[in-house]
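First comes the structure, then the notes that go with it.
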Amino acid sequence: MYPHSTALNAARRTADWNSLADAAAQSKDIDLLVIGAGITGAGIALDAASRGLDVVLIDAHDLAFGTSRWSSKLAHGGLRYLASGNVGIARRSARERGILMETTAPHLTRALPQVVPVRKEYSIANKVLPRLGFIAGDALRVLAATKTSTLPWSKTVKAESVQELSPTVKMDGLRFGYVNHDGQLVDDARLVTAIARTAAGYGAKVLTHVRAVSATGTTAELRDELTGDTLSLTPRAVVNATGVWAGDLASNIKVRPSRGTHLVVAADKLGNPTGALTVPVPGHTNRFCFILPAPHGRVYIGLTDEDAPGPIPDVPEVPEEDIDFLLDVVNPALETPLTRADIDGAFAGLRPLIDAGEGHTADLSREHALVVDDTGLITITGGKLTEYRLMAEQTVDKVVERLGATVADCFTDRIGLVGAQGLRDDKPATGIPPQLAQRYGSEAKTVLDECLLDRPEEPVAEGLDVLRAEFSWYVTHEGALTVDDIVDRRCRLGLVPADRAKAEACANEAIALI
């Protein structure tokens, strides 16, 4: 399917680093260096490599280390942006969502029922506007040519149907509900990993734990954070795709981080919901909090949208006021309110919004920015996860223009990621645990067959639904080099500290395979 192997591991990383060093010693330039291996950088690497460019993708930490692992794990169709007048973003998001769900990653996405309860105490606006928005969302889906088998029509449902999707919804005063289907990712970090591996399949060099100490449009000083080795490159083009850290490399752009916080709660505390309960934020007509079903028997409750000025941390902390805000918003919609004792974990991410002056971050545009500084350094930041493929296409078009190269046109809208080939969700492979098919698609059987740990079908620890074979796969095929890479990004057990502690012993076994 791909010209090269898609397996990322320590041996390939070493070979790619040595290959770069040899090329530098012989003054052989690569076409493109992409700095930042989040969703945007990985998408750029795939787009450029599939067009035939010689590409290197690096990250100072790991795949999906930054904002790309802290999202709500949704592939939004753009409804919120339509309501705020951003028609362009709404239409683009709907189209890109369809491509993601039907072509790029059908194994890593699913249709998520989003249910809005309509209560007698709600304002007229909160009773009517969600339905009008969902009708507009149906129109967006039609314009994007997304199949109804992928995303069904929205509808009005009885109170009992609301309860079926969200069993702990407060029934007293519940009149009825609206249901709309949007896209949900199995996991955002898993999507980034799949994109990076597919880029490797087209020949891209993917080097995690490699920092760009400095960079211009045609130079870069790299340091291997694991060995301390350094390397000077003179790429023909350099793209800065570092998200909220974009300003560290490019002086001609200013990012205004916005903090989005989520709580992690055991799903059984909320009746194991199958739909996302959508609760209006009091005093707003276009802001909502969500209770989202998630893997590993969890739900995510989010999200906030708050200014996060000051130094940008590698891992954002969750402020106490964010926890209070989320509980205050969702508890009035629940039969039994949640308490802090119900919270098993929490995470916060920083959105890379383009600084446009004053105003609440919730009101800032989600448009992306593509700029070039006087050294030729190309910076791409802002935007939405759902639009990553389009952002990558526009960035590579700019690279090709600057290089004056003749390459193939973009065709990532027709490329299925690793695991998507020959996949039939309705007919999983015989004998394959269901969670493997959901996480690895057509590679699920190979995950078991190529496991280097003993007892491949046993869980990594009691009570966890990740198998030992998966930890082995992360090391042999998905480029995990540290325990953190395994438990915090290749799977998301690390979102709950107690689960992380239980999984560490098996993670150390897997790292010993390197």
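The values are calculated or read from the model by the stated rules, or taken from the named source; none is laboratory data. Since this is a predicted model, take the numbers as computed values, not measurements. Don't worry about glycine lacking a Cβ; one is built from the backbone with ideal geometry, like all the others, and counts go over all protein chains shown. With ligands, DNA and RNA removed, areas are computed over all heavy atoms of the protein, side chains included. Shrake-Rupley method; radii C 1.70, N 1.55, O 1.52, S 1.80 Å.
Could you tell me how many of the residues in segment 307-324 are assigned to a helix (DSSP H, G or I) and either open to solvent by less than 20 Å² (accessible area, probe 1.4 Å) or touching a residue at least 12 places away in the same chain (Cβ under 8 Å) (or both)?
Matching residues across segment 307-324 total 2.
Exactly one condition in (1) among the charged types (D, E, K, R); (2) open to solvent by less than 60 Å² (accessible area, probe 1.4 Å); (3) touching an Asp or Glu at 6+ places or on another chain (Cβ under 8 Å); (4) over 25 Å from residue 38 (Cα atoms) is false for residue 489; which is it?
(4)
Since residue 394 meets every condition but one in (1) open to solvent by 40 Å² or more (accessible area, probe 1.4 Å); (2) touching a residue at least 24 places away in the same chain (Cβ under 8 Å); (3) at positive phi, which condition does it not meet?
(3)
Please work out if residue 57 is under 30 Å from residue 136 (Cα atoms) and of a type in the set (A, V, I, L, M, F, W, C).
no
For segment 209-225, give me each residue that is assigned to a strand (DSSP E or B) and either touching a residue at least 60 places away in the same chain (Cβ under 8 Å) or of a type in the set (S, T, N, Q) (or both).
Correct list: 210, 211, 212, 214, 215, 220, 222, 224.
Just the residues that are farther than 28 Å from residue 258 by Cα and either in contact with a Gly (Cβ under 6 Å, 6 or more places away or on another chain) or modelled with pLDDT under 95 (or both), please, taken from segment 27-66.
Within segment 27-66, 27, 28, 29, 49 meet the criteria.
Condition check ((1) more than 18 Å from the chain's Cα centre (by Cα); (2) open to solvent by less than 20 Å² (accessible area, probe 1.4 Å)) across all residues:
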| site | (1), (2) |
| --- | --- |
| 36 | no, yes |
| 39 | no, yes |
| 55 | yes, yes |
| 76 | no, no |
| 86 | yes, no |
| 98 | no, yes |
| 101 | no, yes |
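Only one residue in 327, 338 is surrounded by fewer than 21 Cβ atoms within 10 Å (Cβ to Cβ), in a helix (DSSP H, G or I) and aliphatic (A, V, I, L, M), so which one is that?
327 is the lone residue from the list that is surrounded by fewer than 21 Cβ atoms within 10 Å (Cβ to Cβ), in a helix (DSSP H, G or I) and aliphatic (A, V, I, L, M).
What number of residues within segment 285-302 satisfy the criterion of being touching a helix residue (DSSP H, G or I) at 6+ places or on another chain (Cβ under 8 Å) and either at pLDDT below 90 or not hydrophobic (A, V, I, L, M, F, W, C) (or both)?
Result for segment 285-302: 9.
Any residue at all in segment 466-476 that is over 30 Å from residue 227 (Cα atoms) and touching a residue at least 12 places away in the same chain (Cβ under 8 Å)?
Yes: segment 466-476 contains one or more residues that are over 30 Å from residue 227 (Cα atoms) and touching a residue at least 12 places away in the same chain (Cβ under 8 Å).
Select from segment 132-163 the residues that are assigned to a helix (DSSP H, G or I) and touching a residue at least 12 places away in the same chain (Cβ under 8 Å) and list them in ascending order.
133, 134, 135, 136, 137, 138, 140, 141, 143, 159, 161, 162 - these are the residues of segment 132-163 that are assigned to a helix (DSSP H, G or I) and touching a residue at least 12 places away in the same chain (Cβ under 8 Å).
Within segment 444-480, can you find the residues that are out of contact with any Leu (no Cβ under 8 Å at 6 or more places or on another chain) and surrounded by 23 or more Cβ atoms within 10 Å (Cβ to Cβ)?
Within segment 444-480, 473, 474, 480 qualify.
Working only within segment 15-40, note down all residues that are assigned to a loop (DSSP other than H, G, I, E, B) and either at positive phi or of a type in the set (Val, Ile, Thr) (or both).
Hits for segment 15-40 are 27, 30, 36.
What is the residue count in segment 441-492 for residues that are charged (D, E, K, R) and in a loop (DSSP other than H, G, I, E, B)?
8
Specify which of the listed residues (192, 206, 238) is under 21 Å from residue 488 (Cα atoms), touching a residue at least 12 places away in the same chain (Cβ under 8 Å) and assigned to a strand (DSSP E or B).
None of the other options fit; the residue is 206.
Each row is one residue, and each column tells you yes or no for (1) farther than 30 Å from residue 171 by Cα; (2) modelled with pLDDT under 95.
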{"site": "334", "(1), (2)": "no, no"}
{"site": "367", "(1), (2)": "yes, yes"}
{"site": "377", "(1), (2)": "yes, no"}
{"site": "388", "(1), (2)": "yes, no"}
{"site": "411", "(1), (2)": "yes, no"}
{"site": "425", "(1), (2)": "yes, yes"}
{"site": "428", "(1), (2)": "yes, yes"}
{"site": "432", "(1), (2)": "yes, yes"}
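Could you check segment 104-131 and list, in sequence order, the residues that are under 30 Å from residue 413 (Cα atoms) and assigned to a loop (DSSP other than H, G, I, E, B)?
Residue satisfying the conditions is 105 alone.
Could you tell me how many of the residues in segment 164-179 are within 30 Å of the chain's Cα centre (by Cα) and not in a helix (DSSP H, G or I)?
Qualifying residue count, segment 164-179: 7.
Of the conditions (1) surrounded by fewer than 23 Cβ atoms within 10 Å (Cβ to Cβ); (2) out of contact with any helix residue (DSSP H, G or I) (no Cβ under 9 Å at 6 or more places or on another chain); (3) not in a loop (DSSP other than H, G, I, E, B), residue 12 fails just one. Which one is it?
(2)
Evaluate the following for residue 90: is it in a loop (DSSP other than H, G, I, E, B) and small (Gly, Ala, Ser)?
No: the conditions fail for residue 90.
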